[in-house]
Amino acid sequence: MKLLQFSLAFFMALPGMGQLNTELFNDYEDYSEKSITTRRFKYEDIMSLIDKLGNDFKVKQVGTSVEGRAIKLITYGNGPVNVLMWSQMHGDETTATRAIMDVFLWLQADDQFNDIRDKIKSSITWHFIPMLNPDGASRFTRRNHFGIDINRDALRLQTPEGRTLKRVRDSLQADWGFNLHDQGRGTSVEDKKPATISLLAPAFDVSKSINEKRGDAMQLTKLMFDQITQYIPGQMAIYDDTFEPRAFGDNIQKWGTRTILIESGGYEDDYEKQEIRRLNFVLLITAANAIANNNYEKIPVTDYNKIPSNGDGRIRELILRNVQYEGLLRDVAFDRSEVDSEDFRNYYAQGFVTDLGDLSTSQSFFTLDAKDYEVLPGKVYEKELADVNALNALDLEQSLKEGYTDFVVLTGYDPFTMKQRVHVHSKKPATNETLRMGGNPSLLFKRNGEIAYAVINGCLIKL
Ligand SMILES: [Zn+2]
């Protein structure tokens, strides 16, 4: 689902600021980099974009990954304040890298935002390291070539990627640092709603002291929260602020750079995080503009504490409530995992049961209250199908209405490219009529003799 456009101006404590984020949000499509549309892209995809940047940008190699990929620093502007943003220290956390590509297009445009760009250009020097961990990105995995989590390497500095970040921060004596990550889709705001965006001005010591610079970061964090919360009400939070002595964010704050963490989480059925990317685009420009204009300074530091916190409980993908099955009443939670294609550019999702029982305190992206439904196992289509053509020849919608959820297709079904709503197996599946942890049963929900819903591969389907 797409985020709603906001056309009306709304009350803002800071005149002018609200209008900017509304315009950026609404005009986003004019600037988005159209060549990247999913979470799974690679180093070469963004390097070809960086190679095309215009004269307003300086591009410099500042390091090399373990596998020999050049890590580049891109710089815009010539103001006295150094702002450094780095993304994808974790190779599979790609939302902010995409947003940075969008910001580059925005910075190169010639339009109604020219005054804002000029102010940014003369007030700050804006540095980017997109994709700090290109080796991890090539396999769509968190860690670097040697399996080290770069974000636990700030003290030992055993990774060339971590050393690059440290060296760049030190050489710039960056005034501001933005540490750009993705958090799990299931991360919550106070266990109630998905944390679509979490922010943090990381602590630099165990007692979470506030010095002047961390105070500045807390003020700007609150400003960023205020600018974005309207688009995702109740779905922004402060990330866990426990001091992590090995992490970069915490140490960069300690080394004297005002540091802010942005974590992109989950939003409705935005599995590719394209809507969250749009929010990142607005957030990054909003932050740069606020630094250029010192807009954050009037915000009381203590207002930071008004932002709700991430919760411990996770938001489930799907919860079926009040399921009467096998002679007992249970709620059933499904989550999804991804199976990678060989080149990691594609995946298919698999559902599996992650909780059972009384889940009345748990929340989910999708929910069905099965109280008034008879719950039955889905049926396996009796005839084994020789190939994909035989599957496509069937009226699958009609078959679903008749209760057939699972099909055996003996050859040629490619789950990476053929995304059928039914569950396709390559051989006859074991009868799975029980609800158990880790299982992936197909279920039917019947009322007045009609099948109204099906759950297949962890997805709720309305018939
Ligand atoms: Zn991360």
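Tabulated results
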{"read-out": "Subset of segment 326-369 (residues that are among the charged types (D, E, K, R), in a strand (DSSP E or B) and free of Cβ contacts under 8 Å to residues at least 24 places away in the same chain)", "value": "E338"}
{"read-out": "Breaking point among (1) within 28 Å of Y28 (Cβ to Cβ); (2) within 14 Å of the ligand (Cβ to nearest atom); (3) of a type outside the set (V, I, T); (4) not in a loop (DSSP other than H, G, I, E, B), for E93", "value": "(4)"}
{"read-out": "Pairs where the first residue, in segment 15-33, is at pLDDT 95 or above and the second is surrounded by fewer than 20 Cβ atoms within 10 Å (Cβ to Cβ) and of a type in the set (S, T, N, Q), C-beta under 8 Å, 6+ apart", "value": "T22/S7; E23/Q112; F25/Q5; N26/Q5; N26/S7"}
{"read-out": "Output for segment 243-302, where each listed residue is among the polar types (S, T, N, Q) and within 18 Å of L24 (Cα to Cα)", "value": "Q274, N280, T286, N289, N293, N295"}
{"read-out": "Pairs, first in the same structural domain as E397 (by TED's automatic domain parsing) in segment 441-453, second crowded, with 20+ Cβ neighbours inside 10 Å and among the polar types (S, T, N, Q), C-beta under 9 Å, six or more apart", "value": "S442/T405; S442/N457; L443/T405; L444/T405"}
{"read-out": "Search result, residues across segment 156-200 that are within 30 Å of Y231 (Cβ to Cβ), among the acidic types (D, E) and outside any strand (DSSP E or B)", "value": "D175, E190, D191"}
{"read-out": "Options Q227, Q324, Q235, Q274; residue that is of a type outside the set (F, W, Y), in contact with a Pro (Cβ under 7 Å, 6 or more places away or on another chain) and more than 16 Å from the ligand (Cβ to nearest atom)", "value": "Q235"}
{"read-out": "Unique match (being surrounded by fewer than 19 Cβ atoms within 10 Å (Cβ to Cβ) and at pLDDT below 95) among F57, F11", "value": "F11"}
{"read-out": "Pick from segment 114-152, criterion under 30 Å from P80 (Cα atoms) and in a loop (DSSP other than H, G, I, E, B), ranking: farthest from the ligand (Cβ to nearest atom)", "value": "P130"}
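Quick grid of which residues meet (1) over 29 Å from D102 (Cα atoms); (2) outside the structural domain of E374 (by TED's automatic domain parsing):
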position: I262; (1), (2): no, yes
position: D270; (1), (2): no, yes
position: L283; (1), (2): no, yes
position: A290; (1), (2): no, yes
position: K298; (1), (2): yes, yes
position: F334; (1), (2): yes, no
position: E338; (1), (2): no, no
position: E342; (1), (2): no, no
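The values are calculated or read from the model by the stated rules, or taken from the named source; none is laboratory data. Remember, it's a predicted structure, so these values are computed and weren't measured experimentally. Backbone-built Cβ (ideal geometry, glycine too); neighbour counts: all protein chains shown.
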